Amino acid sequence: MSAHLEPHPAVHPVVAAVTGRVIERSAATRRAYLDRIRAAGSRGPARMSLACSNFAHGFAACNPADKLALRGETHPNIAIVSAYNDMLSAHQPYRDYPAVLREAIASARGVAQFAGGVPAMCDGITQGRPGMELSLFSRDVIAMATAIALSHDMFDGALMLGVCDKIVPGLVIGALSFGHLPVLLVPAGPMESGMANKDKSRVRQLHAEGKASKADLLAAESASYHGPGTCTFYGTANSNQLLMEVMGLHLPGASFVTPNTPLRTALTAAAGRRIVELTALRGGTAPIGEVIDEHAIVNGVVALLATGGSTNHTMHLVAIAAAAGIDVRWSDFAELSALVPTLTRIYPNGEADINAFQTAGGMPLLISELLSAGLLHDDVTTVAGRGLSAHYCEVPLLEDDGELAWHTGPSDSGDKTVLRSAADPFAPDGGLRMLDGTLGRAVIKVSAVSPEHRVVCAPARVFDDQEAFLAAFRAGELNRDVVTVMRFQGPRANGMPELHKLTPALGVLQDRGHAVALVTDGRMSGASGKVPTAMHVTPEAAADGPIARIADGDLIEVNAETGALEILVGREEFDARIAAQAPAAAVGTGRELFESFRTAVGPADRGATVFGAA
């Protein structure tokens, strides 16, 4: 691998062309957004314009020194917005962060106030349960809760404490409504490695076949998910962390340091000191609305593709971009995917976990390689300063005296089965691809799918819920080549739950030698595995998409090589069919509270958001 100290080449012409189209397409909405946040920033600390009664309410509970500091215009006031709860392993470490951050901010002559908490649910707990139907919508609830936390006009900057699935995108979307403020995301890190993910997956398949007991399965799951921190596979949570770093919202090298270690605590304190430096009162020039620009969004897409990251981000990145007035589309993902090589193998795209990626060189080496190949924009604004190569190719370390410092990162991979150079990739293109055809548009993750399984043409078996599929599997009705169609799982139908309950059974069918694929308007996320899955099918069944007119026995082609998603039925016959009707809206487990969301939500390819698209 090339050392990151060498000059980086100009950005690749395809990356430049895609970025140019995004800029042109977004010109009006981006300009309106920037005008709005720059006007807000030009007014100085908003708290200074509060009426005395409002202001008094805002610092009534502060200690006397902080009250005195907030009365003037020299001590920035930093909001802490946290997704802490002690049920989610990834968020449990946040319990102690506010105290660490307050002390660090005070040492930098600032004040910190805990501005608000946001909900954080775990898809790992709600998989296959009614609560999963709240999952995607929780992102937009988190965005609104973040906006409420920042709405008091008391703050000069903000720290966002969140890790998992919908939580990080929600925090960022909410923060972008206050785009004139500097915002820094503070990670908590992955749990230490436990039972190997491939061994856990094997036990899941054995249980699906009735060859392992529930006690065996629980023992395997408990050995895998065993302590504080993010799950160690490369799902949406760890994709979030990777994207926040490459998009310049984390401190360099902060994403994958394990919890409850001296380095993790030092990075947390450094985040507190840094956010004070970034405020306008200290001359900072990195408000979040300027950090998240068209170049940063394209950098995020490239990093996602290069690592075979979570398919959820084909929605989340679109929604984040829209919140900043930027119009990015699946066609942009598709064009970049054909160019960007796959540089990592992290479970489920390989056998290693995220800790092995960190040990092999992690984010500094990944970013260096992508820069060296001209696949990332280097001249971008970040919370660490201007330029990726100037900051994000370095490794944070504790010196002998305990002080935190950043040093030159590795120039070569410590494990080329996990992380490779752009000159010697695992695959010449990206781990995510787009599908298009008579059944609509969809996303497919191919990084974990063996080449011999990437083209499936087989009769359809249609289901409207996961339990019906599992009953058919247990009855032996699916022991053949089959394209399972799971419809009415889109955002308008039931909130677009993830469908990992299907994964072990589909894997069993594939292992028996059958050609197997899944076609769904639902989600599979970062844990999408070895079975080819056309997900996020748009238009969804509840929006009268073609998927609602598929019948059992129809020949379906899922072709990850050509990008085709086709139903091989005569067009006249297919168009004449009456679409299936969506099941009645489910109630219970809070689902009835989200009826307005299901009515207002946009399609998956526009971010599946209730806020509209750019």
Evaluated at q = 0.13, 0.19, 0.23, 0.24 Å⁻¹: base-10 log I(q)/I(0), Debye formula over Cα of the range 343-453: -0.62, -1.06, -1.27, -1.31
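Packing-wise, with mean Cβ within 10 Å as the measure, how do 424-432, 180-188, 289-297, 150-158 rank, highest first? List each step's numbers first, then the result.
Details: 424-432: 20.0, 180-188: 27.6, 289-297: 24.3, 150-158: 21.9.
Going by the mean number of other Cβ atoms within 10 Å, highest first, we get 180-188, 289-297, 150-158, 424-432.
Please work out how much length the chain gains when fully extended from Ala39 to Ala423, using 0.36 nm per residue of separation minus the C-alpha to C-alpha distance, in nm with one decimal.
Values: separation 384, 0.36 × 384 = 138.24 nm, distance 4.54 nm.
Between Ala39 and Ala423, full extension yields 133.7 nm more.
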Determine the sum of side-chain charges near Ala266: Lys and Arg each +1, Asp and Glu each -1, restricted to other residues whose C-beta is under 14 angstrom from that of Ala266. -3
With Arg487 itself left out, Lys, Arg at +1 and Asp, Glu at -1 over residues whose Cβ is under 9 Å from its Cβ give -3
Computed P(r) (all Cα pairs; the range 432-583; 10 Å bins; percent): 12, 47, 36, 5
Does anything in the range 574-589 have its amide N under 20 Å from the 7 Å Cα→Cβ label point of Ala551, and if so which residues? 574-583
Computed over the Cα atoms, what is the radius of gyration of the chain divided by 2.2 N^0.38 Å, N being its residue count? 0.95
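Rounded to the nearest 0.05, what FRET efficiency do Thr359 and Asp96 have when you use their Cβ-Cβ distance and R0 = 35 Å? Before the final figure, lay out each step's value.
On the way: r = 26 Å, r/R0 = 0.73.
Step by step, r from the Cβ atoms, then E = 0.85.
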Compute the separation of the alpha-carbon centres of the range 418-459 and the range 297-345 and state it in Å as a whole number. 14 Å
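Tell me, in nm to one decimal, what length is gained between Glu452 and Arg71 on full extension, where the rule is 0.36 nm per residue of separation less the Cα-Cα distance?
Extra length from Glu452 to Arg71 when fully extended: 130.5 nm.
Stretch Asp481-Thr438 to full length: gain in nm at 0.36 nm per residue minus the Cα-Cα span? Write down the numbers at each step before the final one.
Working: separation 43, 0.36 × 43 = 15.48 nm, distance 2.10 nm.
Extra length available between Asp481 and Thr438 comes to 13.4 nm.
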Which number comes out as Rg/Rh for the range 414-453 once both Rg and the Kirkwood Rh are worked out on C-alpha atoms? 1.11
When all Cα-Cα pair distances of the range 181-256 are considered, the percent exceeding 22 Å is 39 percent
Hull volume per residue for the range 221-312, using the convex hull of the C-alpha atoms, in Å³ is 107 Å³
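I'd like the FRET efficiency for Leu568 and Glu351, computed as 1/(1 + (r/R0)^6) with the beta carbon distance as r and R0 of 30 Å, rounded to 0.05.
FRET efficiency, Leu568 to Glu351: 0.25.
Out of all DSSP beta bridges in the range 432-583, what portion is antiparallel? Express it as a percent rounded to 5. Working shown, then result.
Details: 17 of 30 bridges.
Just about 55 percent of them are antiparallel.
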Relative to a virtual label point 7 Å from the Cα of Val14 in the Cα→beta-carbon direction, which members of the range 394-437 show backbone nitrogen distances below 16 Å? 422-435
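Taking the square root of 5 times each eigenvalue of the Cα gyration tensor, what semi-axes in Å does the equivalent ellipsoid of the range 440-514 have, largest first? Present the calculation step by step, with values, prior to reporting the outcome.
Values: eigenvalues 80, 59, 26 Å².
Equivalent ellipsoid semi-axes, largest first: 20, 17, 11 Å.
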quick note, the chain, DSSP beta bridge pairs, % antiparallel (nearest 5) is 45 percent
In this structure, the FRET efficiency calculated for Thr408 and Asp379 from their beta-carbon separation, with R0 = 25 Å, to the nearest 0.05, is 0.75
Two decimals is fine: what is log10 I(q)/I(0) at q = 0.13, 0.20 Å⁻¹ for the range 290-419, from a Debye sum with one equal scatterer on every Cα and no solvent? -0.59, -1.26
Part-to-part distance (alpha-carbon centres) for the range 26-46 and the range 478-534, which is given in Å: 43 Å
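What number comes out for the charge environment of Lys214, summing +1 per Lys or Arg and -1 per Asp or Glu over other residues with Cβ under 13 Å away?
0
All of the numbers you see were taken from the coordinates with simple rules; none came from a lab. All values derive from a computational prediction rather than experimental measurement. Every residue, glycine as well, gets a Cβ built from its backbone with ideal geometry; the counts of neighbours run over all protein chains shown.
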